[in-house]
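Here is the structure we will look at.
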Amino acid sequence: MEGGTSPGRRSGPARTSSGPGRLLVLVYGIFALSATARAAVQIATKFDEAPLAYVLSALAAVVYVCATVGLARSGPGARRLATVAVTVELIGVLVVGTISLAQPDDFPDATVWSGYGEGYGFVPLVLPVLGLLWLRHTRERA
Amino acid sequence: MIDGLAYAVIVVSLVVGVGIIGLAVADRRPLTLLAYGLVTVEAAALIQVLVAIVQVVRGERPDEPATFVGYALTSLLAPPVGALWALSDKSRWGTGAAGVAALVLSVLTVRMLQVWG
C-alpha cells in the first residue's frame, strides 16, 4: 500500500493523512462542514422546535471537526484527538441511532446520527469504524 | 434555480467524479485530464450560482435563503479546495479523494434545488 514511511524520514507512526487517509480526511471534512452548517441553521432559526436534537447536531458537528483536524494533522496530540473524537462519534451514532428508533418522539427533527445515519446513506455509521481501523493501522505501521 | 441546468450540473459532477475515481482505481494520474475535469466542475458550479444571482436580482427568492447561500458558497469552494488538497497526496487514494470532492457538487446541487423551493 502507498503512503508508507519514506526512507529519509524518522521512524514512528505513519501519517494519518496520507494514502487512504487522504480519502478518509476528505470525507470527514465534508461531514464536519455539513454538520456544522446544519447545526448552525437549526439552532439559529428554530431551536425551540427540537432542542435536544439540535444540541446533538451541534455535538456531532464538534466531533466531526475534531476528527477531521486530528486525522489531518500529525503528531501524538493529533492522534489522541482523532482517537477520542472518532470513539465519541461511534458511541454517538450507536446511542442516538438507537434512541431515535426507540423513542422517535424525542427527535421531532433529524440529526446526522438519527436512525444510525440513514439520512446520509449510513456513512455516519461506517465512518467511525473505518476511522478507528485506520488509526490502528497507521499506529502499527511504525 | 433552473431545473434543467441543475440536472446538467449534477450530471457533469457525477461524470467527472466517477471518471476520476475510475482513474484512481486504474492507478493512473493524468494531471492535464484531471485539471480539465476539475475546471469543468468549477465552471458548472459558477454558472449555476451566477444564474441564481440573476434570478434573485429579478425578484425570485429561495424558500430558505440563508441555507441556500451557504450551499451556494460551499458549491464554489469545497470541490476545488478539496480536490487540490486531495491531489497533494500522490497516491491513488489522493486521486480518488479528488473524485469524491467533485461528487460533492452533485450532492450540494440536489440540496440547493430542495431549499430553493
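Residues are listed down the side, and each one gets a yes or a no for (1) assigned to a helix (DSSP H, G or I); (2) within 10 Å of chain A (Cβ to nearest Cβ); (3) surrounded by 20 or more Cβ atoms within 10 Å (Cβ to Cβ):
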{"site": "B:44", "(1), (2), (3)": "yes, no, yes"}
{"site": "B:53", "(1), (2), (3)": "yes, no, no"}
{"site": "B:60", "(1), (2), (3)": "no, no, no"}
{"site": "B:66", "(1), (2), (3)": "yes, yes, no"}
{"site": "B:82", "(1), (2), (3)": "yes, yes, yes"}
{"site": "B:86", "(1), (2), (3)": "yes, yes, yes"}
{"site": "B:98", "(1), (2), (3)": "yes, yes, yes"}
{"site": "B:113", "(1), (2), (3)": "yes, no, no"}
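Could you tell me whether any residue of the range A:25-32 is within 11 Å of chain B (Cβ to nearest Cβ), without any contact (Cβ under 8 Å) to a residue 24 or more places away in the chain and assigned to a helix (DSSP H, G or I)? Yes, that holds for at least one residue. Among the residues of the range A:55-92 satisfying the criterion of being hydroxyl-bearing (Ser, Thr, Tyr) and surrounded by fewer than 22 Cβ atoms within 10 Å (Cβ to Cβ), which is modelled with the lowest pLDDT? Among those that are hydroxyl-bearing (Ser, Thr, Tyr) and surrounded by fewer than 22 Cβ atoms within 10 Å (Cβ to Cβ), it is A:74.
Would you confirm whether any residue within the range B:67-79 is aromatic (Phe, Trp, Tyr), farther than 26 Å from residue A:69 by Cα and in contact (Cβ under 8 Å) with a residue 40 or more places away in the chain? Yes, the range B:67-79 contains at least one residue that is aromatic (Phe, Trp, Tyr), farther than 26 Å from residue A:69 by Cα and in contact (Cβ under 8 Å) with a residue 40 or more places away in the chain.
So, residue A:101, is that one surrounded by fewer than 18 Cβ atoms within 10 Å (Cβ to Cβ) and either farther than 18 Å from residue A:54 by Cα or over 11 Å from the mean Cα position of the chain (by Cα) (or both) or not? Yes. What are the residue pairs meeting all of these: first residue in the range A:75-102, first residue within 17 Å of residue A:18 (Cα to Cα), second residue among the polar types (S, T, N, Q) and not in a helix (DSSP H, G or I), Cβ atoms under 8 Å, and 6 or more apart or on different chains? The qualifying pairs are A:78/A:16; A:79/A:16; A:82/A:16.
Residues that are at pLDDT 95 or above, acidic (Asp, Glu) and at negative phi: does the range A:93-106 have at least one? No, the range A:93-106 contains no residue that is at pLDDT 95 or above, acidic (Asp, Glu) and at negative phi. Scanning the range B:100-111 for residues that are closer than 15 Å to residue B:70 by Cβ and either within 11 Å of chain A (Cβ to nearest Cβ) or buried (at least 24 other Cβ atoms within 10 Å of the Cβ) (or both) yields B:104, B:105, B:107, B:108, B:109, B:111. Of all residues in the range A:127-141, those satisfying the criterion of being in contact with a helix residue (DSSP H, G or I) (Cβ under 8 Å, 6 or more places away or on another chain) and modelled with pLDDT of 90 or more are A:127, A:128, A:129, A:130, A:131, A:132, A:134, A:135, A:138. The number of residues in the range B:7-50 that are in contact with a Pro (Cβ under 6 Å, 6 or more places away or on another chain) and without any contact (Cβ under 8 Å) to a residue 40 or more places away in the chain comes to 1. The one condition from (1) over 15 Å from the mean Cα position of the chain (by Cα); (2) in a helix (DSSP H, G or I); (3) not aliphatic (A, V, I, L, M) that residue B:48 does not meet is (1). Being exposed (fewer than 15 other Cβ atoms within 10 Å of the Cβ), among the β-branched types (Val, Ile, Thr) and within 28 Å of residue A:38 (Cβ to Cβ) is not true of residue B:49.
The values are calculated or read from the model by the stated rules, or taken from the named source; none is laboratory data. This is a predicted model, so every value here is computed, not measured. Ideal geometry is used to build each Cβ from the backbone, glycine not excepted, and the neighbour counts take in all protein chains shown.
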